[in-house]
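Here the structure comes first, spelled out in structure tokens, and everything after it is commentary.
The values are calculated or read from the model by the stated rules, or taken from the named source; none is laboratory data. If you're wondering where the values come from, they're calculated on a predicted model, not measured in any experiment. Backbone-built Cβ (ideal geometry, glycine too); neighbour counts: all protein chains shown. The protein model used for the area step is the full one, side chains on, heavy atoms only, and it has no ligands, DNA or RNA in it. Shrake-Rupley method; radii C 1.70, N 1.55, O 1.52, S 1.80 Å.
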Amino acid sequence: MARKFSTAGLAVTVALTATLATAVAVGAAGAAEGGGDPGSGRDTTAHARQAGTHWVNTWTSMPQLTEPNNMPPAPFTQDGKVLDDATLRQTVHVSVGGKQVRLRFSNAFGGAALPLTSVSVALPADGRAGARAIRPGTSRTVTFGGSARADVPVGSQIVSDPLDFDVPPGTNLTVTVYLAHGQASDSVTSHPGSRTTSYLLAGDHVRDEDLPGAASTAHWYFLSGVEVWSPETTAAAVIVGDSLTDGRGSTTDANNRWPDQLVERLRSRPDTASTAILNQAAGGNRVLDDGLGPNALSRVDRDVLAQSGVEWALVFEGVNDIGTADATEAAQRRTADALVAAYDQIIVRAHAQGIRVYGATLTPFGGNTGYDDPDGYREQARQKVNAWIRTAGRLDGVVDFDRAARDPRNPRQLLPAYSDADHLHLNPAGYAALAAAVPARLFHREPLPRGFGFD
């Protein structure tokens, strides 16, 4: 679905969007040519160009600057270089399926060009998330403008050529990357909160069925999106969030964050089975100020508007803004007012692109050592923000996560059965409660009302 992108946001977003447009143009030009090399990964078949289909993101990870303790393990991080002559194997869990696939790699925060020597896509052994091995006979070469190699400029991303590869809904997918010369920088792009095991091994092992002796780490690097060529009835919903959506408290390699459990629920219903859920969250992220990753207000263009096939956005973020602001009445009043203004700006920018925006109420943090204050000023700010979400009428729909997760006997705290040990994050049962609280009707495709987007 073609969209005009807002020019607001970080400068890196402008560079990213420009490169995205170039990469898409290259891919489209290649698809229009006849007689492509069947082994190159470039799709030239007539069924890939049929009317009534479009690209939809089926999986995303929010790119962010890698902190020192989240860099690839030794010896894959050296002074001024990472993954020199190394293979990286990662698995991701897609939401909707398709017969063709393409990948997005991000160098949004890299300090040097990202040289991808070769890339392959395959199905993991036994279909498992975090699998080290791939299913025999499923590995396919990924290309970029017809070439197996690609250099991703600083601050940018690249989109691969379309590849014939059947991706069923809910599939785990393996992406393997080889960097012959590594990335010559101490600044690299990753998503630390993968909750999924990745593998690293010296040398070129892109096509190997297994990587015995490989080092493991629970982070994703470079890979930021998977798209599928899907019927026009398929559409995506982006979730903008923090660690509560990124899945802190969930189980590694189990894909039981609340967005994952929501996907399973929607897929079980005929009226919502074609809804992709895109998790654009990161632990420590904030709406107003940069934290771990750029603030949500600045990354809307990159993480929502620049994604393929998006029709809805769900904003569930603000607890970190409240929890890191001073525990004074004045500071918390300012924070609550600023959050409301930021939500309104997200609505304006998304509406201009024909995207409906839903808001989720902020869940309790009573009892958390860092965020709960004895005078209750932060709780007052949370209540003020939640009241706006519920009653202001600016959102296209409301998801009441506060009601779903709080303890009825002590509404300032999470229900004990749902709470992780820190009284801020949830466990898998708590995340299941959040997934169940999202009304499926929010993802029924309906024409936009007259005047939508004027705001």
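Oblate is the label for segment 203-313. Its Cα gyration tensor axes, ordered a ≥ b ≥ c, give a/c of at least 1.5 and b/c at or above a/b. Calculate I(q)/I(0) for segment 348-393 by the Debye formula, one identical point scatterer on each C-alpha and no solvent, and give its log10 at q = 0.16, 0.26, 0.32 Å⁻¹ to two decimals. Result of the Debye calculation: -0.57, -0.93, -1.13. Building the convex hull from the alpha-carbon atoms of segment 315-360 and averaging its projection over directions returns 3.1 nm².
If the segment from ARG135 to ASP455 were pulled out straight at 0.36 nm per residue, it would be longer than the present Cα-Cα gap by 110.2 nm. Modelled label positions at ARG403 and ALA421, each set 7 Å beyond Cα in the direction of Cβ, lie 3.4 nm from each other. The mean sequence distance of close C-alpha pairs (under 8 Å, at least 6 residues apart), as a share of the length of the chain, puts its relative contact order at 17 percent.
Nearest-5 percent of antiparallel DSSP beta bridges in the chain?
75
Using a probe of 1.4 angstrom and keeping all protein chains present, the accessible surface of the chain works out to 37 square angstrom per residue. With every protein chain in place and a 1.4 angstrom probe, the accessible-area ranking of MET62, MET71, largest first, reads MET71, MET62.
Stokes-Einstein at 20 °C, 1.002 mPa s, Kirkwood radius from Cα pairs: D for segment 339-442 in µm² s⁻¹?
Result for D is 147 µm²/s.
Taking 17 Å as the cut-off, the amide N atoms of segment 376-415 that come nearer than this to a point 7 Å along the Cα-to-beta-carbon line of ALA330 belong to 377-378. You can think of it this way: the chain between ASP85 and ALA341 has 87.4 nm of extra reach, that is 0.36 nm per residue less the Cα-Cα gap.
Under the simplified labelling scheme, the ALA429-ALA180 pair shows an inter-label distance of 5.4 nm, with each label point 7 Å from Cα along Cα→Cβ. For segment 194-328, the antiparallel share of DSSP beta bridges with both residues in that region comes to about 25%.
For the chain, the mean residue ellipticity at 222 nm estimated from helices alone is -6500 deg cm²/dmol, where every DSSP H run of n ≥ 4 contributes -39500 (n - 2.57) and the total is divided by all residues, rounded to the nearest 500.
Scattering from the chain was approximated by placing one identical point on each alpha carbon and applying the Debye formula without solvent; log10 I(q)/I(0) at 0.07, 0.11, 0.12 1/Å stands at -0.33, -0.84, -1.00. Within the chain, the whole DSSP H helices whose Cα atoms reach 15 Å or more along their own axis and whose mean Kyte-Doolittle score is at least -0.5 are 11-32, 329-351.
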